[in-house]
1. Those residues that are of a type in the set (S, T, N, Q) and at pLDDT 95 or above, I need them from segment 12-44; list them, please.
2. Being over 11 Å from the mean Cα position of the chain (by Cα) and farther than 21 Å from GLY109 by Cβ is true for just one of ARG84, ARG50. Which residue is that?
3. May I ask you to list the residues in segment 67-88 that are out of contact with any Gly (no Cβ under 9 Å at 6 or more places or on another chain) and either of a type in the set (Ser, Thr, Tyr) or in contact (Cβ under 8 Å) with a residue 40 or more places away in the chain (or both)?
4. Please identify the pairs in which a residue from segment 107-119 that is closer than 22 Å to ALA62 by Cα has its Cβ atom under 6 Å from the Cβ atom of a residue that is open to solvent by 70 Å² or more (accessible area, probe 1.4 Å) and part of a strand (DSSP E or B), counting only partners at least 6 apart or on another chain.
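The values are calculated or read from the model by the stated rules, or taken from the named source; none is laboratory data. From a predicted model like this one, the values you see are computed outputs, not experimental measurements. Note that each Cβ is placed from the backbone with ideal geometry, even for glycine, and that neighbours are counted across all protein chains shown. For accessibility, only protein heavy atoms count, side chains too; no ligands or nucleic acids. Shrake-Rupley method; radii C 1.70, N 1.55, O 1.52, S 1.80 Å.
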Amino acid sequence: MTQTDTTLPIADPETEDTHYGIPVCHIGEDGDMLALGHPGTRRAFAAFNRHARVFVGIANLADDRTARLDDWYDRVTEEWVIFRKPDPEQGEDPDYEWVTEQVDASEPGAQPVTVLDVY
């Protein structure tokens, strides 16, 4: 069986920017964010917050200067994923640079990511 572009792992996925040494980007259409690596919740949140200010142009993730990390802490998760090209036959948007599949850390090609679910 040969692998197609949609099954080959992407080793160095493109992100929107890097803040505090952490590559970050938006994922999906709801404002969720992804950071490459497992820098810890506080550092990832700082990078996400900075990305909201710099890339989106809002005060912070909540667009509320009184928001606190405690309000968002449980929305940050560390995961392992494989990045690959989208597969339109599976209903994935072909305009995306990549999509992810959550996998076990032992899976070949698995990469650590930290995800912020804004809702």
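1. THR15, THR18
2. Working: ARG84 fails: farther than 21 Å from GLY109 by Cβ.
Answer to the selection: ARG50.
3. Initially, segment 67-88 is screened for residues out of contact with any Gly (no Cβ under 9 Å at 6 or more places or on another chain), giving 67-77, 79-81, 85-88.
Listed by number, the residues that qualify are TRP72, TYR73, ARG75, VAL76, THR77, LYS85, PRO86, ASP87.
4. If the second residue must be open to solvent by 70 Å² or more (accessible area, probe 1.4 Å) and part of a strand (DSSP E or B), the pairs left are THR114/GLU78.
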